[in-house]
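Asker: The structure's right below; bear with me while I get my questions together.
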Amino acid sequence: MKPGLIALLAAILLSAAAFAETPTADIAQRTELHAIPSMTLSDGDFLTGKDGKAVTVGGQFRIAQRAGKLPVVVLIHGSGGMGPNIEAWSRLFNAMGVSTFAIDGFTGRGLVSTSSNQAQLGRLNFILDIYGALAILAKHPRVDPERIVLMGFSRGGQAALYASLARFHKTWNKSGASFAAYIPFYPDCSTSYIDDTDVGAPPIRIFHGNADDYNPVASCKPFVARLKAAGRDVELTEYADAQHGFDTPLGPPKVVATGSQTVRACTIKEGPAGVLVNTATGAPFAYTATCVQLDPHVGRNVVATAAAQAAVSDFVRTLFKLK
């Protein structure tokens, strides 16, 4: 046999051996795609309980490599759609023996991104998608309905945070189930809602970066303080030098999100009849307001990501009583 061919065969065998030794616990045993009945409506209609336009959004259910009814983490993306962090978190949870259900709130609505035009979709629509996913999971034969956690990022983190409100559950959650915990990542907390400290018993764990100028962590601190004053189980963890989207496995440590809108300079409050009010002007809030700014930063931070992954993993293991 020629030396070149021998070398080629040796390389192939080495590659095959390396592949065989690669851990595969993070690969789903089964993947299902689910249609989630939902609606598209304005934030005002959501707040007043009015129906909107029927829509179907999608969900990717990854069933972990364990038998029986499993715990699930529901994942909901941010303004840029289903980015690489959704895949990274799914694989981490799957490796723990926890299934994941990733909601795509954009494609079924004909959207790719709302970053540069947040007015395309009311912020509260994702909560409808979340409750719709919960209804599917609560009846699934491979799901333990008592062990479902909600985790969201940015716009999805805001939805994950406010999906905890008892008022919203009463109006919109028809699943007969509830979440065991809420894990918002770098949410926008600039909006306060009526009765927003009535969030029930499940714990809320917020993770944020202190260098975030997209959804600054400072906007969440007053809400967290109000929740704690009301006796709620809430914790806010900050990571040094972490930008918005710090848990993404791709991209540079810091880059301008050119054209992206941020309400970091806004304070918004729910008024009568579900009207969201810009408190600086007393007028209904709109993305044409002068407090809406452009070009915040985003970027990965491997140190913060590792710390957040460890913290979330420990929390989920304890909550779900995993071995």
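Asker: Going down the table (Lys69/Lys174; Lys174/Lys221; Lys139/Lys228), which pairs top 25 Å between alpha carbons?
Answerer: Values: Lys69/Lys174 22 Å; Lys174/Lys221 31 Å; Lys139/Lys228 33 Å.
Over 25 Å Cα-Cα: Lys174/Lys221; Lys139/Lys228.
Asker: I've got another one for you. Could you tally the net charge around Lys254, taking each other residue with its Cβ under 13 Å from the Cβ of Lys254, Lys/Arg +1 and Asp/Glu -1?
Answerer: Details: positive: Arg300; negative: Asp212, Asp213, Asp241, Asp295.
It works out to a net charge of -3.
Asker: Here's a follow-up. Among DSSP bridges having both ends in the stretch 197-323, what percentage is antiparallel? Round to the nearest 5.
Answerer: Working: 8 of 15 bridges.
Close to 55 percent.
Asker: Can I ask one more? Under a straight-distance cross-link criterion of Cα-Cα below 17 Å, which lysines are reachable from Lys170, leaving out those fewer than 8 residues away in the same chain?
Answerer: Those lysines meeting the cut-off are Lys50.
Asker: Post the alpha-carbon centroid distance, the stretch 89-150 to the stretch 247-323, in whole angstrom.
Answerer: That distance is 17 Å.
Asker: Share of the chain's accessible area from carbon and sulfur, percent, 1.4 Å?
Answerer: Working: 8330 of 14180 Å².
Looking at the chain in its full context, I get 59 percent from C and S.
Asker: Can you spot the aspartates and glutamates whose alpha carbon is less than 19 Å from Lys269's alpha carbon? Ignore those fewer than 8 places along the same chain.
Answerer: Excluding near neighbours in sequence, the set is Asp43, Asp45, Asp188, Asp195, Asp196, Asp198.
Asker: Continuing with the same structure: Would you work out which of Gly245, Val303, Gly108 lies farthest towards the positive end of the dipole of the chain, given +1 charges on the beta-carbon of Lys and Arg and -1 on that of Asp and Glu, about the Cα centre?
Answerer: Positive-end residue among those listed: Gly108.
Asker: Ignoring everything but the protein chains, give the 1.4 Å probe accessible area of Asp51 in square angstrom, nearest 10.
Answerer: Surface open to solvent at Asp51 totals about 120 Å².
Asker: Which whole-number percentage describes the relative contact order of the chain, with Cα contacts under 8 Å and a sequence gap of 6 or more?
Answerer: Working: 702 pairs, mean separation 47.0, N = 323.
So the answer I get is 15 percent.
Asker: For the chain, which semi-axes, largest first and in whole Å, follow from the square roots of 5 times the eigenvalues of its Cα gyration tensor?
Answerer: On the way: eigenvalues 254, 110, 72 Å².
That gives 36, 23, 19 Å for the three semi-axes.
Asker: While we're here: Placing unit charges on C-beta atoms (Lys and Arg positive, Asp and Glu negative, everything else neutral), compute the dipole magnitude of the chain about its Cα centre in debye, rounded to 20. List each step's numbers first, then the result.
Answerer: Details: 29 positive and 25 negative charges, 143 e Å.
That gives a dipole near 680 debye.
Asker: Follow-up. For Met39, tell me the accessible area in Å² from a 1.4 Å probe, rounded to the nearest 10.
Answerer: For Met39, the solvent-accessible surface is approximately 40 Å².
Asker: As a test of reading the structure, rank Glu32, Glu146, Glu87 by solvent-accessible area (1.4 Å probe, protein chains only), most first. Walk me through the intermediate numbers first.
Answerer: On the way: Glu32 30, Glu146 145, Glu87 80 Å².
These residues rank, largest area first, as Glu146, Glu87, Glu32.
Asker: Another question, then. Could you report the chain's accessible area per residue, 1.4 Å probe, as an integer in Å²? Intermediate values should be presented prior to the final figure.
Answerer: On the way: 14180 Å² over 323 residues.
Dividing the accessible area of the chain by its residue count gives 44 Å².
Asker: Counting only the heavy atoms of the protein chains, how much of Phe185 is accessible to a 1.4 Å probe, in Å² to the nearest 10?
Answerer: Its heavy atoms expose roughly 0 Å² to the probe.
Asker: How high is the relative contact order of the stretch 227-305, in percent, with contacts defined as C-alpha pairs under 8 Å that are six or more residues apart? It would help to have the intermediate numbers written out before the result.
Answerer: On the way: 122 pairs, mean separation 35.5, N = 79.
Across the stretch 227-305, relative contact order equals 45 percent.
Asker: Using alpha carbons only, how many degrees (0 to 90, rounded to 10) separate the axis of helix 125-138 from the longest principal axis of the chain?
Answerer: 50
Asker: Just the number, please: percent antiparallel of the DSSP beta bridges in the chain, rounded to the nearest 5. Show your work: numbers first, answer last.
Answerer: Numbers: 25 of 52 bridges.
Of all bridge pairs located within the chain, approximately 50 percent are antiparallel.
Asker: Which value, in Å to one decimal place, does the Kirkwood hydrodynamic radius take for the stretch 179-323 when every pair of different Cα atoms is included?
Answerer: Working: mean 1/r = 0.0604 Å⁻¹.
With all distinct Cα pairs of the stretch 179-323 included, I get 16.6 Å.
Asker: Relative contact order for the stretch 182-241: what is it in percent, counting Cα pairs under 8 Å that are at least 6 residues apart?
Answerer: Details: 90 pairs, mean separation 25.4, N = 60.
It rounds to 42 percent for the stretch 182-241.
The values are calculated or read from the model by the stated rules, or taken from the named source; none is laboratory data. Since the model is a prediction, treat every value here as computed from it, not as a measurement. With ideal geometry, Cβ positions are generated from the backbone for all residues, glycine too; neighbour counts draw on all protein chains shown. What goes into the accessible areas is simple: the full protein's heavy atoms, side chains included, and nothing from ligands, DNA or RNA. Shrake-Rupley method; radii C 1.70, N 1.55, O 1.52, S 1.80 Å.
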